[in-house]
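Below is one structure, written out as structure tokens; the observations come after it.
The values are calculated or read from the model by the stated rules, or taken from the named source; none is laboratory data. These figures come from a predicted structure and were not determined experimentally. Please note: Cβ atoms are built from the backbone with ideal geometry, for glycine as well, and neighbour counts cover all protein chains shown.
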Amino acid sequence: MAAEWERSPCLERGCSKCCRETEMPLTRADISRIEALGHKLSFFTVVHTDGSVRLANSRETKACVFLDTESSDVDAPGTCSLWQDRPEGCRIYPLILDELDQPFLDELCPHRDEFPLPPVGLRGRLLMLSDILDGEAI
């Protein structure tokens, strides 16, 4: 896959803050990839009234169902059990779009200043993801 972050402060620091109470949208491709791993749609998705599909959170930990963690504490460590197959939005984060579709590093990410410059092509992937999500509903 083209245009990935060359390193991830998330993994280096054991941070999983963005996985806590996540509202990560899923594309049909994300869903298919995760289902192919043997996970049931009802386990890992929440369908909103507008038809958008998002990652589900565990009731116990209030974190993404794929986050290996024992705690609901937002600063508790955790590791993504889907790292190699994680959704496109997770791959691109903390790069997000503002109201004018301009990319910036999310201020909610506590390690955003430690990320390298976004790789060439990542903005294009983010815009494409936005377009896909705008046109998709389950």
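State whether one or more residues within the stretch 93-105 are touching a residue at least 60 places away in the same chain (Cβ under 8 Å) and part of a helix (DSSP H, G or I).
no
Looking at His39, His48 in this structure, which one is in contact with a strand residue (DSSP E or B) (Cβ under 9 Å, 6 or more places away or on another chain) and without any contact (Cβ under 8 Å) to a residue 12 or more places away in the chain?
His48
Kindly indicate the residue of the stretch 1-23 that is among the basic types (Lys, Arg) and surrounded by 12 or more Cβ atoms within 10 Å (Cβ to Cβ) and also modelled with the lowest pLDDT among those meeting that condition.
Checking each candidate, the answer is Arg13.
Does Asp113 meet the test of being modelled with pLDDT of 90 or more, more than 18 Å from the chain's Cα centre (by Cα) and surrounded by fewer than 15 Cβ atoms within 10 Å (Cβ to Cβ)?
yes
Kindly indicate the residue of the stretch 116-138 that is under 24 Å from Glu6 (Cβ atoms) and not hydrophobic (A, V, I, L, M, F, W, C) and also modelled with the lowest pLDDT among those meeting that condition.
Pro119
Tell me yes or no: at least one residue of the stretch 24-46 is of a type in the set (Asp, Glu) and loosely packed, with under 11 Cβ neighbours inside 10 Å.
no
Can you spot a residue in the stretch 27-43 that is under 15 Å from the mean Cα position of the chain (by Cα), closer than 23 Å to Pro118 by Cβ and outside any helix (DSSP H, G or I)?
Within the stretch 27-43, one or more residues are under 15 Å from the mean Cα position of the chain (by Cα), closer than 23 Å to Pro118 by Cβ and outside any helix (DSSP H, G or I).
Can you tell me which residues in the stretch 64-96 are among the hydrophobic types (A, V, I, L, M, F, W, C), within 25 Å of Ile132 (Cβ to Cβ) and surrounded by 15 or more Cβ atoms within 10 Å (Cβ to Cβ)?
Cys64, Val65, Phe66, Leu67, Cys80, Leu82, Cys90, Ile92, Leu95, Ile96
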